[in-house]
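Coordinate-derived values only; no laboratory data. Quick caveat, the model's predicted, so the values are computed rather than measured. Here the Cβ is made from the backbone with ideal geometry for all residues, glycine too, and neighbour counts use every protein chain on show.
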Amino acid sequence: MSDASTPAPHASASIRGLHKSYGPVEVLKGIDLEVAAGEVVCLIGPSGSGKSTLLRCVNLLESPQRGTIEVAGHEVTDPEADLDLARRSVGMVFQQFNLFPHLTVLENCNVAQRKVLKRSRAEASETSRRNLELVGLADKTDRYPDQLSGGQQQRVAIARALSMDPQLMLFDEPTSALDPETVGDVLAVMRSLAERGMTMLVVTHEMAFARDVADRVAFMDGGVVVEEGPAAEVIGAPQQERTQRFLSRVL
Ligand code: ADP
Ligand code: MG
């Protein structure tokens, strides 16, 4: 599977002039954001600034009124685009892990591979096991979600997303619902993914993670990107007053 038409395993993403409204309320007011292949961009900003809406547009869970989104050079906002294909190339991890309670860890990772990618059980299981090993849960394949900690469940959710072979991974506050003692393991998995060259767009309030792992940080407020740049600059020496105010509250 490496003919010329096969996209690069780790895609770039390019968001241009993105506008999204719910009724009369404009939530995204012209977002421009680039994520290069293999880059980690952290999105920070106060609650209600539009971070989740932006990720949901990239994942095609929402359709923007204006603007374009390209993933791996394909415009996924094109009305003619193959939405299934586009959705498949983007993996998403939410605050709530949404595992099926009646399925084992392995089965949870297999479901979408079987249904969407039409993989055989053996092929799906092999991929799931590889990704469960990557997130440090090789010994938990036969457990049920309620036998795992929140952090372990979130790592299953990451393995499940990776098992679809995404080219871009979106994370929406993946550690916000976790007990503090399990946050570190999830962040460590995300860090290792970053080190393996995965393209990642991460909404997080974990400023230490953003500073250490992100190549760039974008600060959003009121539906616009107020400031973006290298993580050390945006977090360490923000230029905009709104960014400074936000960081003084969360750091
Ligand atoms: P964040 O993730 O930064 O907290 P969101 O993207 O969730 O922000 O929300 C941005 C704004 O959009 C909020 O004011 C929220 O109430 C509004 N919003 C989000 N989703 C919907 C929706 N489905 N319908 C109406 N308003 C929404
Ligand atoms: Mg949100």
Between the range 76-142 and the range 200-251, the alpha-carbon center distance in angstrom | 30
3J(HN,Hα) from dihedral phi, the range 79-95, Karplus parametrisation 6.51/-1.76/1.60, rounded to Hz, x for glycine, proline = x, 8, 5, 7, 5, 5, 4, 5, 5, 5, 7, 10, x, 9, 10, 9, 4
Interatomic Cα distance distribution for the range 61-154, bins of 10 angstrom, percent = 14, 38, 28, 18, 2
Rounded to two decimals, what ratio of Rg to Rh does the range 1-124 give with C-alpha atoms and a Kirkwood Rh?
-> 1.00
More than 22 Å apart: what percent of Cα pairs in the chain qualify?
-> 54
Per-residue HN-Hα couplings for the range 118-133 [Karplus 6.51, -1.76, 1.60; θ = phi - 60°; Hz; x = Gly/Pro] = 6, 6, 5, 4, 5, 5, 4, 5, 4, 5, 4, 4, 4, 6, 5, 5
For residue 220, the residues 5 or more places away or on another chain with a placed amide H closer than 5 Å to its own amide H are 44, 45, 226
For the range 59-66, Karplus-derived ³J(HN,Hα) couplings (6.51, -1.76, 1.60; θ = phi - 60°; whole Hz; x for glycine and proline) come out as 8, 6, 7, 10, 10, x, 6, 9
For residue 147 and residue 66 in one chain, what is 0.36 nm times their gap in residues minus the Cα-Cα distance, to one decimal in nm?
-> 24.7 nm
Degrees between helix 150-162 axis and first principal axis of the chain (Cα, 0 to 90, nearest 10) | 90
Residue 171's amide H: which non-local residues (gap 5+, or another chain) put their own amide H closer than 5 Å, with H modeled 1.01 Å from N in plane and none for Pro or chain starts?
-> 93, 201, 202, 203
In degrees, nearest 10, the alpha-carbon axis of helix 180-195 is tilted away from the dominant principal axis of the alpha carbons of the chain by 90
Pairs of Cα atoms under 8 Å, at least six residues apart: use those to get the relative contact order of the range 71-167, whole percent.
-> 40
Starting from the Cα-Cα distance between residue 207 and residue 241, subtract it from 0.36 nm times their residue separation and give me the gain in nm to one decimal.
-> 10.5 nm
In a solvent-free Debye calculation with one equal scatterer on each Cα, what is log10 I(q)/I(0) for the range 96-227 at q = 0.20, 0.21, 0.22 Å⁻¹, listed in the order of the q values?
-> -1.16, -1.25, -1.34
When the gyration tensor of the range 157-251 is built from Cα positions, what are the square roots of 5 times its three eigenvalues, in whole Å, from largest to smallest?
-> 24, 15, 12
Out of every Cα pair in the range 134-203, what percent are spaced more than 16 Å from each other?
-> 45
Could you give the nm distance between label points at residue 84 and residue 139, where each point is 7 Å from its Cα heading toward the beta carbon?
-> 4.0
Sorted by chain and then number, the residues having a modelled amide H within less than 5 Å of the amide H of residue 67, at least 5 places away or on another chain, are 19
Taking only the alpha-carbon atoms of the range 61-106, what semi-axes of the equivalent ellipsoid follow from 5 times the gyration tensor eigenvalues under a square root, in whole Å, largest first?
-> 28, 12, 9
